[in-house]
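As structure tokens, the structure follows; a few thoughts come after it.
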Amino acid sequence: TPGESVRSAEFQQAGDRALGEGTAESVEMTRAESGPRVVSVSLVPLETGLVVVVQDVTRLRRLETARREMVANIGHELRTPLNTIIGYSRLLEEDGDNLTDEQREDLRIVVASARHLLELISDLLDLGRIEAGKLTPLDGRAYPLGEAPEAMRALEAGNTRGNVVISG
């Protein structure tokens, strides 16, 4: 039976489902022998048994973790200087009596560009939170502005963690 040579309840259950339901199953397991290894196991039922494909995905999972951490670190490191640029630019705008029209326009471009970069960084950080399961977009779709009441009902019903996307 599935799982005899590999002692794993998860593997056993996946094998039983594959044989019982006649559908392909996949499971990912962490094995501790000779250091932690992550393996992806795919089970495909045949008339005479199961085809089992085992793939070591340890390196891939480590790379994914490193990428997520790098994006989070870079995102947080970039936010501070961008907020500083925006803050100082606003101060210049407020005290802009001595600025020419061209300088005011250049300042407007600096602020707009910094805000755009800040939005991109926020999107990257949100993506990282979504991948980590810490942020769930509102039932997985953007709501057109005309559907705002539906979006609000979903929010009130607890179908979201507060991330409502309304497009125009």
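Choose one of Ala114, Leu46, Gly96: the residue whose Cα lies farthest towards the positive end of the charge dipole of segment 42-126 (beta-carbon charges +1 Lys, Arg; -1 Asp, Glu; about the Cα centre). Selected residue: Leu46. Taking trypsin sites (Lys or Arg not before Pro) across segment 53-139, the ones in a DSSP loop with at most 10 further Cβ atoms lying within 10 angstrom of their Cβ are Lys134.
Summing Lys and Arg as +1 and Asp and Glu as -1 over all other residues whose Cβ lies under 15 Å from the Cβ of Val53 gives a net charge of -3. Among the GluC sites (Glu not before Pro) in segment 1-101, those located in a DSSP loop and surrounded by at most 15 other Cβ atoms within 10 Å of their own Cβ are Glu4, Glu33, Glu47. When the alpha carbon coordinates of segment 38-110 are projected onto the principal axes, the ranges are 84, 22, 13 Å, largest first.
Laboratory data are not the source of any read-out in this text; all were calculated from the coordinates shown. What you see is a predicted model, and the numbers here were worked out from it, not measured in a lab. When we count neighbours, we look across all protein chains shown, and the Cβ atoms used for this are built from the backbone with ideal geometry, even at glycine.
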